[in-house]
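Coordinate-derived values only; no laboratory data. Bear in mind that the values here come from a model prediction, so they are computed numbers and not experimental data. Cβ atoms come from the backbone with ideal geometry, glycine included; neighbour counts cover every protein chain shown.
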Amino acid sequence: MNAVFDVPLYPYQRHADQNAADPQRHQAVIVGAGPVGLALAIDLAQQGIETLVVDDNDSVSSGSRAICFAKRTLEISDRLGVGQQLVDKGVEWHLGKVFCDTRKVYEFNLLAESGHRRPAFINLQQYYFEMAMLERVRVLQQQGAPLQLRGGNQVTAVVSESDCVRVQLTTPDGAYDLEADWLIACDGANSPVRHALGLDFVGRVFEDNFLIADVVMDANFPIERWFWFDPPFNRGQSALLHKQPDNVWRIDLQLGWDIDRDAEKQPEKVRQRLEAMLGGDIDFQLEWVSIYTFQCRRMEKFRHGRVIFAGDSAHQVSPFGARGANSGVQDADNLGWKLKAVIDGSAPRELIDSYDSERIYGADENIRNSTQSTDFITPKSTLSRLFRDAVLDLAEHYSFARGLVNSGRLSVPCVYDDSPLNTPDGMIDGPSRTRPGAPCPDLALSDGYLLQRLGGSFTLLLLNIDRSTAVDDIDGALKRLVLDSSKDSTGALNERYLGSAKQAVYLIRPDQHIAARWSTFEPDAIRRALSRALAGGPAR
């Protein structure tokens, strides 16, 4: 069924760089052709940045690995040209249910409001995500985009210098060297780039083990996220069930700490556990099995000179909450426009420092939520277990307690409240959800959706501002989008962007985070805010 794992989708081919007398120079070299590396490569290539992706593999990942892709990731994927393809293949869901023993404690809806183009989540095997990205890479290459992908190229040495990064690659034809203006490590938790530079993580490893299994079965379970505390088929532990495309179901079973990992991975042992969960009437086949231990860790810095780390190479969290791949794609989204601005000379190198500060802030938020989830799922003391069980009992009957139940706080986009790129809020009565640093929430327009109209460039969003007032030549490259809330019959524009204000002006970054907002159109303030967002912070 998944023989695609064994098919080279970007096979090794000898390149002219390997025959050159001197190391050849590239603007951006990305190590790792997983979801994060491919997302960044597509973003840079679409902006005209010459980009090389290298990977020691030559195909998509085996096993489904990451499966839950959040609305924010899908919105980013729209700008990369693959959003609809992912949604068409994925399994959409927005409802989750939490059980304790055999009883349902409560359920939740992740996208209760209307007007969003994309669903709260889709479930999609990581290999399908990567395949969609690889198809987009080929389309861009056919269109002449400056994008290369080299399989069978393993990084074996990295030296970061003031003006470039020197990289040694090993291939089936031997080793060769190249140079990069910028090297971006998207090469996973065991990052060869990180090891080559002698860098490591700081953080916490949890003393527990979880069995993860992808199971092919024709079952009638609803398309929902089901999570159990202390189920009868896995007493004293937890379990999770999700549906993916092709009748593949993801099952996670907590095993405890003191186990024989090799024994637990044996097919007969796995089948025994799954039969206890599913019953003897459901026929299933094992597609992929792994055992993992929670880790909530990150590098102290994500930028080291001209070497930048993104995704699992920079930070790791437990899989409950779907914060791994989703946060990695947000890393790529944050970095792409900043690298473009620095490489083309429209921004100083200090702008890259804001990637470090913003995405470390995002990583810390994810680690905090992931750690809290793990502590709730796997209590470490009698007292903490009593507290958890009491919360579950209360949550079944009282809504106030449901916010305390933590079966994995699901991934949401980061709000960069303390970003150096933000201008102080100029809308005292503006909605909190669209304050500076926040990602723009979507809403339906007469001709599509707001995020579609914003695109991927700096944009002035003008709400109820007279067009004749907004003709000031602030910056010829600054896109303008003028909207009238009286034409919005849903009220979403008022609720999400205006609040009690009669009009508003928003300066929106290329990654669709809000850099500044005001209640009136003030050209000088807009110029200062744009300058700040491109300079990496206020004037030094």
Pairwise Cα inverse-distance average, inverted: Kirkwood Rh of the stretch 72-203 (Å): 18.9 Å
Partners for residue 479 among lysines (Cα-Cα distance below 26 Å; same-chain residues under 8 apart left out): 71, 338, 340, 487, 502
Cα-Cα separations in the stretch 432-535 greater than 23 Å, expressed as whole percent: 18 percent
Sites residue 166 and residue 283 - FRET efficiency at Förster radius 56 Å, r taken between beta-carbons, to 0.05: 0.50
Residue order, fewest to most surrounding Cβ atoms within 10 angstrom, among 128, 12: 12, 128
Overall Cα dimensions of the stretch 207-293 - principal axes, largest extent first, Å: 34, 24, 22
Relative contact order for the stretch 432-535, counting Cα pairs under 8 Å that sit 6 or more residues apart, in percent: 33 percent
Positive-pole candidate from 363, 459, 85, dipole of the chain, charges at beta carbon: 459
Order of 197, 404 under a 10 Å beta carbon neighbour criterion, fewest first: 404, 197
Extension gain from residue 446 to residue 469, taking 0.36 nm per residue of separation minus the Cα-Cα distance: 5.9 nm
Size of electric dipole in the chain: Cβ of Lys, Arg +1 and of Asp, Glu -1, about Cα centre, debye, nearest 20: 960 debye
Most to least packed among 200-207, 330-337 [average Cβ atoms within 10 Å]: 330-337, 200-207
Calculated FRET value between residue 393 and residue 95, using beta carbons and R₀ = 22 Å, to 0.05: 0.45
Likely footprinting exposure, 508, 428, 526, fewest C-beta neighbours within 10 Å first: 428, 526, 508
Whole-Å semi-axes of the ellipsoid equivalent to the chain (Cα gyration tensor, √5λ, descending): 38, 32, 21
Inter-label distance for residue 14 and residue 502, nm, one decimal - labels placed 7 Å from Cα along Cα-to-Cβ: 7.4 nm
Extended-chain gain in nm, criterion 0.36 nm per residue less alpha-carbon gap, residue 257 and residue 479: 74.4 nm
